[in-house]
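What follows is one structure encoded as structure tokens, with my remarks underneath.
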Amino acid sequence: VLENKIEEAKEMKNEIASMTEKYDLMNELHEEEKREVEVKMENKIENKIEKSYEEKFLNSLKTKFQNGMSEGVAEDGGYTVPQDIQTKINELREAKDSLQSLIKVEKVNTLSGSRVFKKRANTTGFAKVTEGGTIAEQEAPKFSTLEYKVDKYAGFFKMTNELLADTQENVKNTLIDWIGNESRITRNKLILEALDTKEKTAMAGLDDIKKAINVTLDPAFLPNAVVVTNQEGFNYLDTLVDGNGNYILQADITNASVRRLFGKYPVHVISTKDLPMAGDKAPIIIGDLKEACVMFDRQTLSIMASNTAGDAFLSDVTLFRAIEREQVKMRDEEAIVYGQITIGSTLSSRKK
């Protein structure tokens, strides 16, 4: 009898454990479903708020809001630029012919500041010491300071009031296209001006390009190295061949529109209007641009509109003004080689 009761107790214990496990599992499922519902509600509310901000923002443009519209500047009393619009502007900044994606971009919250970097040194390693001998002093690390002070860049454009009276989508697209493209061109110019401070290296042909990669650049920069040139420089590289008659520019197997120098280093082509020739010399910049160049981006974009400023009232237009703040500086000049090659100087190395 006692044995039967023990067996019954064991069965009851197992049944209780099983029921407890099922209860805990059901409770977890309930909590998970509850969290999913809460997340969906939060996203729905956020999307509704975001859409509301965008509608208010666009309506303010169409009604020529006079007090100003800005992002990140609460004291202006304006509308916040909707994330959807801001994202599309950023996409245009990083569109074709953009150099911003090739360099290091650091977000800053102040107008000025500094960064500390350890200087590169030719280390020799420890010296051999005999038993009881004097240990030689090693050179300690040295540091340099890179200071920044962001500058303000701005521009304005006119929109006819007939266009402004059109649909919100047209107004939004016009505004996004203008700000995005002007910002991209501005940032390209700043990056190229910073790179132009690098000492130029004369190149006579393919051997000099190879020397820049194999000898001048530290091997540490090669894994992330790229090539930046203008249309003339690209045309020159695109006709160069090696000793076996193979073109040195090869198509990327993952993206046919991308060419790679020696099959390794992506080539980025900038319009000759933006990256001009130096006489008959084409620029060929080779190296790790993220180590070489840094942009300090204040990321405060302000937009204002007026239909009375300047000649807007008499010409029945609305003026839009955009302002942004950034600075581009060289971070490590050794990370790149700024080559200049005379176009047509080495015809013998081109494919006949």
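Just the accessible area per residue of the range 257-322, please: how many Å² with a 1.4 Å probe?
Accessible surface, normalised per residue, equals 42 Å².
Between SER18 and THR239, how many nm apart are label points set 7 Å from Cα along the C-beta direction?
Each label point is offset 7 Å from its Cα along the Cβ direction, giving 8.4 nm.
Past 25 Å, Cα to Cα, is the threshold; run LYS119/LYS200; LYS119/LYS281; LYS152/LYS200; LYS88/LYS189; LYS149/LYS264; LYS142/LYS189 against it and keep the listed order.
LYS119/LYS281; LYS152/LYS200; LYS149/LYS264; LYS142/LYS189
Once phi is turned into ³J(HN,Hα) by the Karplus curve 6.51 cos²θ - 1.76 cosθ + 1.60 with θ = phi - 60°, what whole-Hz value does each residue of the range 194-208 show in order, with x for glycine and proline?
5, 5, 5, 6, 6, 4, 7, 10, 6, 10, 9, x, 4, 4, 6
So, with a 1.4 angstrom probe, what is the percent of accessible area on the range 121-275 that is carbon and sulfur?
49 percent
So what is the relative contact order of the range 199-261, in percent, for Cα pairs below 8 Å that sit 6 or more residues apart?
17 percent
Rounded to the nearest 0.05, what FRET efficiency do ILE185 and GLU32 give with R0 = 45 Å and r taken as the Cβ-Cβ distance? Could you check?
0.35
So, taking all protein chains as they sit and a 1.4 Å probe, how much accessible area belongs to TYR153, in Å² rounded to tens?
About 70 Å², rounded to the nearest 10.
Order the peptides 208-217, 287-296, 10-19 from the highest to the lowest mean number of other Cβ atoms within 10 Å of their residues.
287-296, 208-217, 10-19
Starting from the Cα of ASN224, step 7 Å along the direction of its Cβ; do the same at GLU11; then give the gap between the two resulting points in nm.
6.9 nm
I want to make sure I understand the PRE zone here: with the label point 7 angstrom from the Cα of ALA251 toward its beta carbon, which residues in the range 257-271 have backbone N atoms less than 11 Å away?
257-259
Per residue, how many Å² of accessible area does the range 155-215 show with a 1.4 Å probe?
51 Å²
The values are calculated or read from the model by the stated rules, or taken from the named source; none is laboratory data. Because the structure is a prediction, the values reported are computed rather than measured. Every residue, glycine among them, receives a Cβ derived from its backbone with ideal geometry; neighbour counts consider all protein chains shown. All accessible areas refer to the heavy atoms of the entire protein, side chains included, with ligands and DNA or RNA removed. Shrake-Rupley method; radii C 1.70, N 1.55, O 1.52, S 1.80 Å.
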